[in-house]
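For reference, the structure is listed below as structure tokens.
The values are calculated or read from the model by the stated rules, or taken from the named source; none is laboratory data. The model shown is predicted, which means the values in this text are computed figures rather than measured ones. Glycine also receives a Cβ, built like all others from the backbone with ideal geometry; neighbour counts cover every protein chain displayed.
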Amino acid sequence: MILLDSDVMIDLLRQYSPATRWFDALDDEEELLLPGYVVMELIQGCRNKVEQERLRRELATYGVVWPAPADCDEALDVFTEYHLSHNAGLLDVLIGQLAVALRVPLYTFNQKHYRFVPGLQTIQPYDKTT
């Protein structure tokens, strides 16, 4: 199970070659998931209905997952603890807590957005310098 953050998904959608090489090397049996909040962020970036429809088609092969109410309660605790001290973002906490609840790493390059989420493992899936 691979849980993708917005930045990795944007690289894939833009056909960034390191991202597409990584993606193409994945096992076909690997389940690819997007937090519902990531899908919403991607939709927010659309400028018109044509882009939104194209995005909807491109995301059709990905599973979409949402946190359970108990996970949202935990995210609230994390957000309350780290919002002021670490400038924790609301969506970042929800996405990070979802990964913790699913017991999977979050594939992202936004390490600083998640460094304070207890129990979260992040993975940078490819090299961005090439």
Filter segment 32-76 down to the residues that are more than 17 Å from the chain's Cα centre (by Cα) and under 22 Å from Gln97 (Cα atoms), then identify the one that is surrounded by the most Cβ atoms within 10 Å (Cβ to Cβ).
-> Glu74
Taking Asp28 as meeting all but one of (1) at pLDDT below 95; (2) within 18 Å of Thr108 (Cβ to Cβ), write down the number of the exception.
-> (2)
Output yes when any residue across segment 59-73 is without any contact (Cβ under 8 Å) to a residue 60 or more places away in the chain and of a type in the set (D, E, K, R), and no when none is.
-> yes
